[in-house]
Every structure is written in structure tokens, then in C-alpha cells.
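The values are calculated or read from the model by the stated rules, or taken from the named source; none is laboratory data. Everything numeric in this text was worked out from a predicted model, so none of it was measured. Cβ sites come from the backbone with ideal geometry, for glycine too, and all protein chains shown count toward neighbours. We work out accessible area using only protein heavy atoms, side chains counted, and drop any ligands, DNA or RNA first. Shrake-Rupley method; radii C 1.70, N 1.55, O 1.52, S 1.80 Å.
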Amino acid sequence: MKIAFAKPALPKGAAIAVPVLEGRKLGPTAAALDRRTKGALTRALKASRFEGKLEETLSVLAPHGLSCSRVVLVGFGKAAALDALAAQRIGGALVALLAQSGETDAALAVDGFAKTAAPVAVLAANIALGASLRGYRFDKYRTTEKRDERPSLKALTLLVDAPAAARKAFAPLETTARAVAAARDLVSEPANIVTPQAFAAEAKTLSKLGIKVEVLGVKQLRKLGLNLMLGVGQGSAHEPQLVVLRWNGGRKTSAPVAFVGKGLTFDTGGISIKPAAGMEEMKFDMAGAATVLGVLRSLAARKARVNAVGVCAMAENMPSGTAQRPGDVVKSMSGQTVEVIDTDAEGRLVLSDALWYTQDRFKPRAMIDLATLTGSIMVALGYEYAGLFANDDKLAEQLLAAGAAAGERLWRMPLNESYDERIKSDIADMKNDGGRWGDSINAAVMLKRFVGTTPWAHLDIAGMAWATEDRPTAPKGATGFGVRLLDRFVADSCEDR
């Protein structure tokens with residue numbers, strides 16, 4: 001969908017959307033159209049339950065006196081609460097309404113209101129961002145879809161008094177939106193397409209943005225001693241790959257910020273095999289790695305003044321005659337040994353080696369990992385928050401603030417020594433399964449043993465990486481969760497000034 005900005009003008013033969021504040025208070029453009037149509041909008045309001053609450057919409061078809069195909073009343077909520085996040089939800093709601101309406105072109109008048117929480121140009125830019133995010137669609141494999149099943153909307157124009165300012169405000173947001181779409185594409189692809197090798201090949205295309213890409217195969221991983229990661233992938237015909245991305249946009253003397261992603265391109269559970277029902281969803285067990293790729297893409301595209309490292313631990317967890325067994329003891333890159341109790345607790349194994357590798361090689365100032373790691377975080381937080389675990393309060397606060405600003409919310413979880421008892425092994429330094437209770441914490445406690453003294457945070461995004469129903473700025477499917485959050489974190493807390 002094409003997004004554009006222009007001076008206010010009525011479109012001919014297309015839909016126009018106009019703001020209405022909560023309490024059915026027509027915005028300037030809506031009031032003008034109401035007068036022009038001899039009160040048609042007011043009559044439509046009286047015949048409806050539309051109140052102007054945020055994201056509400058009401059469509060008035062072919063009103064007399066206008067050349068527009070329809071007028072869409074869009075709820076802007078309360079003026080004082082009209083900020084960037086509210087604007088994004090407005091853009092998403094409008095696209096959701098118009099996508100199947102038959103309209104190919106539409107315009108939204110972004111009126112100025114007194115005492116809004118953000119300037120008009122910023123609101124317009126964020127409405128465009130919300131529209132871009134909600135307008136995403138993965139239809140690569142649809143070959144027999146009927147025309148009336150396909151989204152009709154092809155172009156959305158934001159009508160604003162200062163289109164140049166809005167366009168400038170949207171430029172960095174558009175870069176991030178494209179990075180989110182790229183991450184969603186990877187997560188949406190089936191596992192027979194995105195293997196560890198295919199993911200590595202996609203990562204190499206980022207070199208055109210100035211990102212240095214390095215791929216470590218089995219021989220290099222074995223030489224370095226990443227045996228936990230190798231153990232997870234040893235049952236698959238597709239060999240593990242460690243993908244290393246480096247963006248050097250900061251001062252040469254600045255230590256990098258590092259992002260580490262779990263990249264299980266498919267997770268059967270291994271010998272501790274999962275139930276068949278729902279297993280097809282395990283193609284998105286590499287969402288953490290896809291987010292890391294998206295974040296590095298966004299940083300490079302906007303020329304962020306930061307040195308950043310992305311490490312993606314790619315593997316496929318399959319049952320076979322060569323697969324890792326429950327009860328195996330494996331020596332990690334750090335030298336610590338792990339008793340594998342459950343081969344379906346594989347994410348913490350690949351991440352443990354990847355985290356140790358990252359802190360040992362790059363000496364980052366901060367290290368953040370992302371993983372669709374545990375079902376228990378979904379039991380605790382549902383589909384509203386990702387779990388945040390951290391060994392550093394300042395880093396945790398920065399991430400919480402970035403998540404709130406980006407609309408990708410985090411909730412901090414406990415992480416203290418009392419949980420260490422849960423992962424004690426009878427024959428090794430630790431075991432990879434501390435039992436059912438508090439499993440997301442048990443996993444984080446294990447990961448903490450592989451970060452040394454580096455300020456570190458772990459984001460368990462199991463409930464946020466995939467939407468089972470439409471969300472305000474994400475259609476059903478892959479969400480790309482974390483790309484906007486971490487891009488905002490870097491912008492607010494990490495860039496060289």
C-alpha cells in the first residue's frame with residue numbers, strides 16, 4: 001500500500017476519512033462536510049452507536065453533494081490522549097475497515113485539535129505508520145484467491161496542512177516499518193523454505209546496507225566449542241548456523257550493544273517430541289532471530305550512530321537416530337556442563353552458547369536476547385506483554401521505557417538466586433529443565449550463567465511473536481515484535497551524541 005502526504009483537498013471518486021473526537025465532536029473537516037451534505041453526517045451519527053472513541057469507525061456511503069465514494073468517520077478519542085501510539089491505532093483501524101471495502105484509494109484529513117499530546121505532523125506520520133503495519137499481508141503462496149478476498153486498498157493519502165513536515169517525520173518510521181515487515185516475512189515462511197542455511201543467505205543480503213555479515217558453520221562451531229547449540233541441531237539434516245551481523249555506525253572507541261536471537265527454524269521438541277496439534281506453529285520459533293535481523297536492518301537503514309552486533313543462533317530441532325537424548329551431558333562453550341533433561345527445552349541451550357560467544361568475542365556494553373522461549377510466560381502474561389528478565393536495573397528501566405513508547409510492552413519478572421536450586425543437576429553443573437513451575441524464570445536463571453558481568457536482559461516473546469487474531473497494528477500472524485522496541489531503545493539510550 002502506497003502512503004502519501006498532501007495538502008487538504010477532497011478526493012474525487014475515492015473515500016475520505018475525517019476525525020471525530022469522543023462525544024461525537026466533529027473535527028473541522030467533518031463539520032465542513034456535514035454542512036456541505038446538509039447534515040448527512042449528523043443524521044448518520046444519530047442513527048448509530050458511534051461515539052468517536054479511539055479506533056471507532058462509521059462509513060457513510062456516497063453522501064449527496066460530494067464526489068467522494070464514501071465518508072468514513074474515524075474516532076480520534078480524547079484530544080488530550082491523542083499521542084503517537086493512539087495515532088498508530090487510528091491508522092490501523094482505518095486500513096482494517098477499508099481493506100475489504102472495495103475502495104482502492106482513500107484519504108484521511110488529519111485536523112489540528114487544541115491540546116493534543118503530539119503535533120499534527122507527528123500524528124499524521126504515526127497514523128501512516130499504523131496503516132503500514134496493519135496493511136501488511138503475507139500472500140506469497142496464495143494462487144487461487146478470488147478478487148473479492150484480496151485487500152482492495154492500494155493507496156492512502158494523509159491530508160495535512162504541513163505535508164512536508166509530516167513526510168519528514170514519517171521517514172524514519174517508514175524505515176522501521178519496512179524492517180518489521182522483513183522480520184514478519186521470515187517468521188511467516190514455512191520451515192521447508194527457511195532453514196538455518198536459508199536464513200543465513202537472507203542475512204547476507206544486508207551487506208548492501210553496510211552491515212558486515214559472517215556465518216559460522218558446523219566446523220567452526222565445533223572448533224569454538226558451541227556444543228549446546230550443536231547438540232540441539234544434531235538430529236536434523238539442516239546443519240546449525242551462527243549468523244553474526246555487525247553495524248558500525250558509532251565511534252570506533254564505543255563498545256557495541258549486542259542483540260542475540262533464538263533461531264529454531266522448526267521445533268518438534270526433538271526426542272521429547274511435542275503433541276501433533278499445533279506443531280505447525282513451531283515454524284515461528286525463530287522469531288527472536290528474525291527480530292535481531294530486523295533491528296540491524298533498521299539501524300543500518302537509518303544510519304544509526306551506534307555500534308551494534310546481532311547474533312542469530314540458527315538450528316532445527318528434529319527427532320532422528322542422531323538426535324540428542326534426554327539424559328545427555330554436554331559441555332558448553334563456557335566450559336560449564338549441562339544435563340539435558342528435556343530436548344524440548346532447546347532454546348535455552350542454543351542461547352546459552354550464543355550469549356557466551358557474544359560477550360566473550362565482542363565485549364558489549366549491553367546484551368539483549370530475544371526468544372520464543374517458554375509457554376509459561378504466556379500463562380503469566382497472556383498476549384499483552386513480553387517477559388523481561390535482567391541483571392541490571394538501568395538496562396531494564398531503559399527497555400521498559402522504550403517498550404512503552406513503541407507500544408511493545410514488557411513486564412519485568414523476578415530473577416534471583418533462590419531459583420538456582422531449580423536447575424541443579426545430580427551429575428552436571430546444571431540441568432536445562434527446572435520443572436513446570438516458574439519455567440520462564442528457570443530458563444532465565446540458566447541463561448544468566450552465560451553472560452558473565454555484562455549488563456544483560458532476556459525478552460521472552462513467546463506470547464507476542466505470533467498473533468492468533470488481528471491486533472491494532474498487526475494482522476493475524478507474525479507480528480515482528482521487538483523491532484520497534486529495540487530500535488527505540490537504541491535511539492533513546494545507545495547512540496553516540
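Specify which residue in the list Thr265, Val213, Gly13 is farthest towards the positive end of the charge dipole of the chain, using unit charges on the beta carbon of Lys, Arg (+1) and Asp, Glu (-1), about the Cα centre. Positive-most Cα among the choices belongs to Gly13. Computed over region 1-69, relative contact order equals 39 percent, with contacts defined as Cα pairs under 8 Å that lie 6+ residues apart. Ranking Ser69, Gly52, Ala40 by Cα position along the charge dipole of region 7-102, where only Lys, Arg, Asp and Glu carry charges on their C-beta atoms, puts Ala40 farthest toward the positive end. For the peptides 377-383, 273-279, 461-467, the ranking by mean Cβ contacts within 10 Å, running from highest to lowest, is 461-467, 377-383, 273-279. At q = 0.16 Å⁻¹, what log₁₀ I(q)/I(0) does region 320-443 have when each alpha carbon counts as one equal point scatterer in the Debye sum? Results for region 320-443 at q = 0.16 Å⁻¹ read -0.90. Helix content alone sets the calculated 222 nm mean residue ellipticity of the chain: runs of n ≥ 4 DSSP H residues at -39500 (n - 2.57) each, divided across all residues, give -10500 deg cm²/dmol. Under the criterion of Cα pairs below 8 Å and six or more residues apart, the relative contact order for region 78-121 equals 71 percent. Peptides 164-177, 56-69 ranked from most to least packed, by the mean per-residue count of other Cβ atoms within 10 Å: 164-177, 56-69.
In loop segments of region 70-160 as defined by DSSP, the GluC sites (Glu not before Pro) with at most 11 further C-beta atoms inside 10 Å of their C-beta are Glu145. The HN-Hα couplings worked out from phi for region 264-279 by the Karplus form 6.51 cos²θ - 1.76 cosθ + 1.60 (θ = phi - 60°) are 7, 5, 7, 10, 7, x, x, 4, 7, 5, 6, x, 5, 4, x, 5 Hz, whole numbers, x standing for Gly and Pro. If you add up the charges near Glu316, with Lys and Arg at +1 and Asp and Glu at -1, over every other residue whose beta carbon is less than 11 angstrom from its beta carbon, what do you get? After counting each charged neighbour, the total is -3. Can you bin region 368-497 into rounded, prolate or oblate? Criterion: square roots of the alpha carbon gyration tensor eigenvalues sorted a ≥ b ≥ c, rounded for a/c under 1.5, prolate for a/b above b/c, oblate for the rest. Oblate, since a/c reaches 1.5 and b/c is not below a/b.
The share of accessible area on the chain that comes from carbon and sulfur is 51 percent, using a 1.4 angstrom probe.
In the context of the full set of protein chains, region 387-497 has a per residue accessible area of 42 Å² (1.4 Å probe). Entry comment: accessible area of region 36-118 is 45 Å² per residue, from protein heavy atoms only and a probe of 1.4 Å. The local environment of Pro414, defined by Cβ-Cβ distances under 15 Å, has a net charge of -4 under the rule Lys, Arg +1 and Asp, Glu -1. Measuring nothing but how far apart in sequence close Cα pairs (under 8 Å, 6+ apart) lie, relative to its length, the chain scores a relative contact order of 14 percent.
Listed peptides 248-258, 397-407 appear in the order 397-407, 248-258 once ranked by packing, highest mean of other Cβ atoms within 10 Å at the front.
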